[in-house]
Structures are given as C-alpha cells and as structure tokens.
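The values are calculated or read from the model by the stated rules, or taken from the named source; none is laboratory data. The shown structure was predicted, so the numbers you read here are calculated from the model rather than taken from an experiment. Glycine also receives a Cβ, built like all others from the backbone with ideal geometry; neighbour counts cover every protein chain displayed.
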Amino acid sequence: MKRIYCFLLVLVAANASFAQLKQLSMEDAMLNARTTLAPENLRQLQFIKGTDDYVYLKKADGTEKYMRGSFSSKEDVDYLTLAQLNERLRAASIDTLKSLPPIQFNAGNWVVNIKGQKLSFSTASKEYTTIIDKESATKENVEESSDGYIAYVDSFNLYVTKKGDTKKVTDDGSRDIVYASTVHQSEFGITKGTFWSNNGKLLAFYRMDQSMVPDYPIIDWTTRPAKVDPIRYPMAGDKSHHVTLGIYNAVTKTTTWIKTTGPAEQYLTNIAWSPDDKYVYIAVLNRGQNDMWLNQYDATTGAFVKTLFEETDNRYVEPLVPMLFLKNKPGQFIWQSRRDGWNHLYLYNTDGTLVQQITRGEWEVLEVKGFDATGEVIYYTSTKESPLSKNISAYNFKTGKSRDITDTKEVHSVLVSTSGNYVLDTYSSPENPRTIQVINVKSGKTKLLLQSKNPLQEYSLGKMDLFTIKSSDGADLYCRLFKPAGFDAAKKYPVIVYWYGGPHAQLILNSWNGGAGDYWFQYMAERGYVVFTVDTRGSSYRGKVFEQSIFRRAGDAQMDDMMQAVNYLNNQSYVDKNNMGLFGWSYGGFMTTDFMLNHPDIFKAAVAGGPVMNWQYYEIMYTERYMDTPEENPGGYEATNLVKQAGKLKGKLLLIHGLQDPVVVQQHSVMFVRAAIDKGVQVDYMIYPGHEHNVIGKDRAHLYQKVTDYFMQNLK
C-alpha cells in the first residue's frame, strides 16, 4: 500500500509539473523567438583580422563589453568597454555613445560606424581616420576601395571621391539609365553594382538601360491622396533591360566601356578582377540561360581578350559565384559549377584549361570560406555528411586531398582565422540549441566558448521528428513533424502542412527547431495540431536533377510529392484526415493554390501568401530560367495559370499580400480574386499595407495570428 501511495504522489507531482509548464504566446513564437527566447549566443563573434585571437560582445551585471581570447588562453579578458570607446571618441571630438556598436576588429585598427560616418581607430595610438564621411554615407550604394576612394550614387549618377576631391563619373543617370546598382532583378548572385579592383584605383560598375521596360504601379498609401511610386518590372516573355559594364580609372579620371558582344538582352554576371588588375572577367549568360561564356576583357581598352570556357545545359545554367583566384598562383582560379549534377569546385588555368575537379560526389559545396596564410589550403562548407547538415572541410593544393574539420550531422556555421590555423564553429541540432567552440585545425582539439541552455525548457512543447519518405520516382523527401503537446496516439488531431517547394530554399535542417526560424510550429502543436513540412523536389542542395524536375512545368513534381506526403499522413492513426490545412508563401503560395485547385477535398482550408498566380506576370530572369518564355512553352504557362482555374476551388482559401510587394506584384492575387468572383467562388483576402514581399517586424505576429485564426476557424 505504501508503494502505491508513493507512486501516486510521484504521478501527481509529475502532472502538476506538466501543468505548470507555460504555453508560447504569439509574441513569443514570432518576435521573442529571435530575442529573449532565442538560444544564447556570443554577439559580434569574430577573429581579429591578422591574428588568431577572437573577440565577442558580452553583457554582465547590466554592462556590455568586448572580450578577447585565444585558443590557448585559459580565460577570456576584457578588451574594450563603452567607457574606453567613449574616451577615444571624446579625444577625437566625436559625440559619445550610450551602447557599444558593432565593430570590425583588425590587428592594427578598429573599424566602426558612428554618427553617420565610418571611422578607423588605431589600436596603437589615439589617432583615427575617416573612411566614409557623413555626407558620403547619406548617399546610395556607398562602397570604399582599398586605396581610400569612395564610390556612391546620387540622383541616379555615379560619383567617386577621395579627401574632398569628387568626380561625377556619369551625367545621364535617370530612372531609365541606372548606374552602379544591382541589375537583372538581383538574380545570378548579384547583390551590388560596383566592383573595386584589388589596388583600389579602378572601379567596374554596371550601367542598366531600362527605358524599354514599362513602369509598374506600386501605391504609396501613406500620403493624402495616395500616390504612385512605380518600379520597372520586366515580365516573362517581354522586353528585358540592357546592361553594360564600365571601368572608371580614379587616377586618370577616365572611363572605359567593356566591349561585350552579342544580343543586348543578355546577362552580365559574376564580375571579377584579375590579381594584377589588368583584366576583368564576366560570366556572360544568354537570355535563354542555357549557355554561359566566361569571358576575359582588357580593363584598359575594354577589348575582348578570349573566352576561357563555355558551359551549356539542355535546361539552364545558373552561375552564382565569381571566379576566385588562388592566393599564391595568379594564373589559376577556382570555379563553382553543377556540370556533373552537383555544385563542386574546379581548378582552372587562366588560359581556360581545366587542371582538375577539386571536389566530387553526390553532395554540394555550399560556400568557400577562404585560404590559409600560405594560400596552399582552401576551406569550404558542404552537405557531404547529409543534405540536412553543414560542415567545413579543407583542401590542400599540394597534396590534392581534402580533410573534414567537422564531420557531424549537425549544422555548422564557421569563421576561419587569417592564418587558417583556427576555426570559430557555431553549431546546433534538434536537441542542442547552440554550441560555440574554437577548433585547432591541425590537432582537431576544441575549446568550448558557449553551451546554450534550452530557451524553451519552461514551455509545454510537442515532439519534433525529422525523417524521410519516398517520392514517386524513388527520391528521398525530407520531412519535419511536430506532434501536439501531451500527444495521445489514441486521439485524432487536425493537421497543418507548411511548404515552399521552389529553388533556392531549404526548410528542413538538422539544427535547432529543425531549421524553422521561429516557434509558430510549436505554438500550433501546443494547441493540438500536428504540424508537418516536406522539402519537395525543386528545393535546394539536393543536386541538379532534383531541382530541375520543375523545368517547364512548375508545380507538377511538387504536387506529386505532396500527394506522397498526404498518403503518409493519412496512414498515421492519429491524423484527422478530414481536418487538414495547407500553408505556403511566395512560390509556396503558388504551390498551395495550385494544389487546392487540382487536388480538391484533401485540404479543408489553406493560406497562400504573396502567391504567383500566373507566371506570365512574374519577372523575366527567374521565370524564364525554370519555364522558358511563354512563346517557347505555351502549354506549361497555360497549365500553371491559376487565374483561369479559380472556378475549381472547393475548400476555404485565404490569400495574403503585402501592398508594396515588388517581387510578386499584387496583381497576381487581385486577378485571382476577380476570377473567383466571376465564377461565383468565395475566397478570403488580407492585405498588409507598408509591407513588401514579406511581412516583417512587429506586424509579423499579426500575420501569424491571422493565419492561426483562419485554421482554428476552419479545421474543427
């Protein structure tokens, strides 16, 4: 009897403990997930450039300070406090600060943005230099060179300045003629429009003539009355802008134009300088995006020198990373390509001959992290261990061999020291919120800097599982499933499925929270929902064949994969297959609507945010890569025109759109609503004024409350 009584006491205590666990609020799930409920971190963690020491920002007793340490040091020490920085600022007659700003630490100086200017403070003296002054910092597309020149855009034109000597490089800039800015809708890895040479005296810059591209109206609703704030938006099959590349010599103050040949409607991508700054290299891509030439041009005359090599594909080529010259062999460079089906590194001579393929296998190189001090070793991250993981490896050019510095199933984010002797490694897994360590590359030994506690340990959470199912063609499809808190296998639970399915995205990782950036999935699991995600064919880091399955018929392979996922869910005894919801954004919004129209009676309700409804109304560069032009692929465009299919809708559908969306313009969802009205079909609609393609900031909690309410109302 006493044993039974003791057992009952333990059971009551356990139930009481479970009952005391908290539930996430929407603010917790969407906003605090990135602040107070995020795993502990070492902010501003970095190597001091030129050394093997590291620094990070630490808060103790309400005071922030930068700490400094090394692999061999037993304890990290105070490096820079707010009081010390303010002392330097007062000596320089600069206003003091109330908190420590982000700082780039170098061996001889600290670089920091303060009061609208970029400054460099010497570590050896109280002297400082101004890198970017206040006036220049207010301009657009500001970029400094290694020689102290500053390039910027003002009133559509390009300027270059140094120590008060300012040169207006162009004078015909306008809304039609755009200088020194991103081009080609920021596709092909393009993130900027200026490219300083190694010596900092020559500037390559884009010129984009978009006069042939019509205005697209974006409405500014904050004025009285509202006004049109148009953008130039080239739609699939229509005229595209014309791009050229100029070279400005800051010493002679002259400009040379690179003499690219071929059609005006081609893409100039992946700009790179030769180590001696005599040549500029451009990956020139045809509008059909199935033929790429890596071309060399004379930087002084602009003349074409030669094509190093050509890369073709019967579907598409997508160069994303410029050539990278070896540190101690200026006649050799590394090129990234998917030519063998997976993204790998290739070593070339500058005469265009292939030396060797550096990496190979059914996995993908993700990013090159740099060289060691000798230039004999290059570091890169990859999916070698698993498509859900990320690890760092080192390739030695002398031995011709790679070795893994990390080799786990977890997701590692790394920084390499200047010497290459040490790596700052931040990693996580579904069970581990975050670990930060320093790795001695040679010995493999580690030094622990931080082990994060579980920020959700006081919350009642559902169990998360990562697993695979098979596609109809036998490919592994990675899945993530959150079961309800207090799960009971004998009960039936409603289901919410979240997906994306398109290129350049991966939703599921073997990291904290399964790769989800917030806790909304756990929020819904706490409220009794099964929440499921699948990375279908078309998604990233699974090789070229996996991605190119969507070619010319966006959605077909993904819908087939979703049916496999639905079959899996329907075979689980705890799934209420009569109450399932579907949710996706952008490409996922297109997929969600497509599935609701073509596979009715499976999902009772769905939410499609920022959805593409007709690919003829999406931008040229992205759409034509995966769908060809409407003229070349009329059947594919007709099959994916969801506006014409609006009458097939049976379930509940909520469309959401940011009113200032310049990516998937609002016309997509508006056309679908009009078609639904014409067909007598009911559809729900929500707008977010002031937001572009994604709803961010505090309004994101409002968005997800709207989505939550919709599913709670319709999934009984």
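Of all the residues that make up the stretch 295-325, how many are more than 24 Å from Val545 (Cβ to Cβ) and part of a strand (DSSP E or B)?
11
When the residues of the stretch 480-506 are narrowed to those that are hydrophobic (A, V, I, L, M, F, W, C) and surrounded by fewer than 21 Cβ atoms within 10 Å (Cβ to Cβ), which ends up nearest to Met524 (Cα to Cα)?
Within the stretch 480-506, the subset hydrophobic (A, V, I, L, M, F, W, C) is 481-482, 485, 487, 489-490, 495-497, 499, 505.
Pick out the ones that are also surrounded by fewer than 21 Cβ atoms within 10 Å (Cβ to Cβ) and you get 485, 487, 489-490, 505.
Values: Ala485: 9, Phe487: 13, Ala489: 17, Ala490: 19, Ala505: 23 Å.
Here the residue is Ala485.
Yes/no matrix, rows are residues, columns are (1) over 30 Å from Gly69 (Cβ atoms); (2) assigned to a strand (DSSP E or B); (3) in contact with a Cys (Cβ under 7 Å, 6 or more places away or on another chain); (4) among the charged types (D, E, K, R):
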| residue | (1), (2), (3), (4) |
| --- | --- |
| His412 | no, yes, no, no |
| Glu431 | no, no, no, yes |
| Ile439 | no, yes, no, no |
| Lys447 | no, yes, no, yes |
| Arg480 | yes, yes, no, yes |
| Ala490 | yes, no, no, no |
| Val497 | yes, yes, no, no |
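Can you name the residue in the stretch 348-364 that is touching a residue at least 40 places away in the same chain (Cβ under 8 Å) and assigned to a strand (DSSP E or B) and is also nearest to the chain's Cα centre (by Cα) among such residues?
Tyr348
Which strands (runs of 3 or more DSSP E) sit wholly inside the stretch 76-157 and have at least 3 residues that are more than 26 Å from Ile247 (Cα to Cα)?
77-81, 103-105, 109-114, 117-122
Among (1) assigned to a loop (DSSP other than H, G, I, E, B); (2) more than 29 Å from the chain's Cα centre (by Cα); (3) in contact (Cβ under 8 Å) with a residue 40 or more places away in the chain, which single condition is Ser181 missing?
(2)
Which members of the stretch 326-337 meet the condition of being part of a loop (DSSP other than H, G, I, E, B) and within 26 Å of Thr261 (Cβ to Cβ)?
Within the stretch 326-337, Gly331 is the sole residue that qualifies.
Conditions tested, residue by residue: (1) modelled with pLDDT under 95; (2) of a type outside the set (A, V, I, L, M); (3) surrounded by 17 or more Cβ atoms within 10 Å (Cβ to Cβ).
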residue: Glu27; (1), (2), (3): no, yes, no
residue: Asn32; (1), (2), (3): no, yes, yes
residue: Thr36; (1), (2), (3): no, yes, no
residue: Pro39; (1), (2), (3): no, yes, yes
residue: Arg43; (1), (2), (3): no, yes, no
residue: Lys59; (1), (2), (3): yes, yes, no
residue: Gly62; (1), (2), (3): yes, yes, no
residue: Tyr66; (1), (2), (3): no, yes, yes
residue: Gly69; (1), (2), (3): no, yes, yes
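May I ask you to list the residues in the stretch 225-254 that are part of a strand (DSSP E or B), within 30 Å of Thr629 (Cβ to Cβ) and among the hydrophobic types (A, V, I, L, M, F, W, C)?
Selection gives Val228, Ile231, Met235, Val243, Leu245.
Give the number of residues within the stretch 418-444 that are within 29 Å of Glu376 (Cα to Cα), surrounded by fewer than 20 Cβ atoms within 10 Å (Cβ to Cβ) and without any contact (Cβ under 8 Å) to a residue 60 or more places away in the chain.
Looking only at that region, the number is 4.
Say we look at the stretch 195-224 and pick out the residues that are assigned to a loop (DSSP other than H, G, I, E, B) and small (Gly, Ala, Ser); which of these is farthest from Val251 (Cα to Cα)?
Pass one, the stretch 195-224, residues assigned to a loop (DSSP other than H, G, I, E, B): 197-201, 210-214, 217-218, 221-224.
Add one more test, that the residue is small (Gly, Ala, Ser), and what stays is 197, 200, 211.
Numbers: Ser197: 13, Gly200: 10, Ser211: 32 Å.
Once the filter is applied, the top-ranked residue is Ser211.
Quick check on the stretch 373-395. Is at least one of its residues part of a strand (DSSP E or B), exposed (fewer than 14 other Cβ atoms within 10 Å of the Cβ) and more than 26 Å from the chain's Cα centre (by Cα)?
No, the stretch 373-395 contains no residue that is part of a strand (DSSP E or B), exposed (fewer than 14 other Cβ atoms within 10 Å of the Cβ) and more than 26 Å from the chain's Cα centre (by Cα).
Take the stretch 303-339 and flag every residue that is over 20 Å from Glu187 (Cα atoms), in contact (Cβ under 8 Å) with a residue 40 or more places away in the chain and β-branched (Val, Ile, Thr).
Thr307, Ile334
Can you find a residue in the stretch 570-584 that is in a loop (DSSP other than H, G, I, E, B) and of a type in the set (Lys, Arg)?
Checked the stretch 570-584: no residue is in a loop (DSSP other than H, G, I, E, B) and of a type in the set (Lys, Arg).
For the stretch 524-549, what are the residues that are in contact with a Gly (Cβ under 7 Å, 6 or more places away or on another chain), buried (at least 23 other Cβ atoms within 10 Å of the Cβ) and not in a helix (DSSP H, G or I)?
Answer for the stretch 524-549, where residues must be in contact with a Gly (Cβ under 7 Å, 6 or more places away or on another chain), buried (at least 23 other Cβ atoms within 10 Å of the Cβ) and not in a helix (DSSP H, G or I): Thr536, Gly538, Ser539.
Here are some conditions: (1) hydroxyl-bearing (Ser, Thr, Tyr); (2) outside any strand (DSSP E or B); (3) touching a residue at least 40 places away in the same chain (Cβ under 8 Å). Thr408 meets all but one. Which one does it not meet?
(3)
Any residue that is farther than 21 Å from Lys390 by Cα and surrounded by 15 or more Cβ atoms within 10 Å (Cβ to Cβ) - is there at least one of those in the stretch 354-368?
Among the residues of the stretch 354-368, not one is farther than 21 Å from Lys390 by Cα and surrounded by 15 or more Cβ atoms within 10 Å (Cβ to Cβ), which makes the answer no.
Those residues that are of a type outside the set (A, V, I, L, M) and within 12 Å of Tyr128 (Cβ to Cβ), I need them from the stretch 101-111; list them, please.
Asn109, Trp110, listed by residue number.
Within the stretch 167-178, which residues are touching a Phe, Trp or Tyr at 6+ places or on another chain (Cβ under 6 Å) and either surrounded by 15 or more Cβ atoms within 10 Å (Cβ to Cβ) or not in a loop (DSSP other than H, G, I, E, B) (or both)?
Selection gives Lys168, Val169, Thr170, Gly173.
When the residues of the stretch 71-100 are narrowed to those that are within 20 Å of Lys134 (Cα to Cα) and crowded, with 17+ Cβ neighbours inside 10 Å, which ends up nearest to the chain's Cα centre (by Cα)?
Leu100
Do the conditions hold for Ala675, that is, is it hydrophobic (A, V, I, L, M, F, W, C), modelled with pLDDT of 95 or more and part of a helix (DSSP H, G or I)?
The answer is yes for Ala675.
Considering (1) buried (at least 20 other Cβ atoms within 10 Å of the Cβ); (2) outside the structural domain of Ser586 (by TED's automatic domain parsing); (3) in contact with an Asp or Glu (Cβ under 8 Å, 6 or more places away or on another chain); (4) not small (Gly, Ala, Ser), say which one Glu692 fails and leave the rest.
(1)
Among Thr593, Thr623, which is the only one that is in a helix (DSSP H, G or I), of a type in the set (S, T, N, Q) and touching a strand residue (DSSP E or B) at 6+ places or on another chain (Cβ under 6 Å)?
Every option except Thr593 fails the conditions.
Conditions: (1) small (Gly, Ala, Ser); (2) within 17 Å of Gly502 (Cα to Cα); (3) not in a helix (DSSP H, G or I). Gly690 meets all but one. Number of the miss?
All conditions pass for Gly690, except number (2).
Take Thr260 and decide whether it is surrounded by fewer than 12 Cβ atoms within 10 Å (Cβ to Cβ), in a loop (DSSP other than H, G, I, E, B) and among the β-branched types (Val, Ile, Thr).
The answer is no for Thr260.
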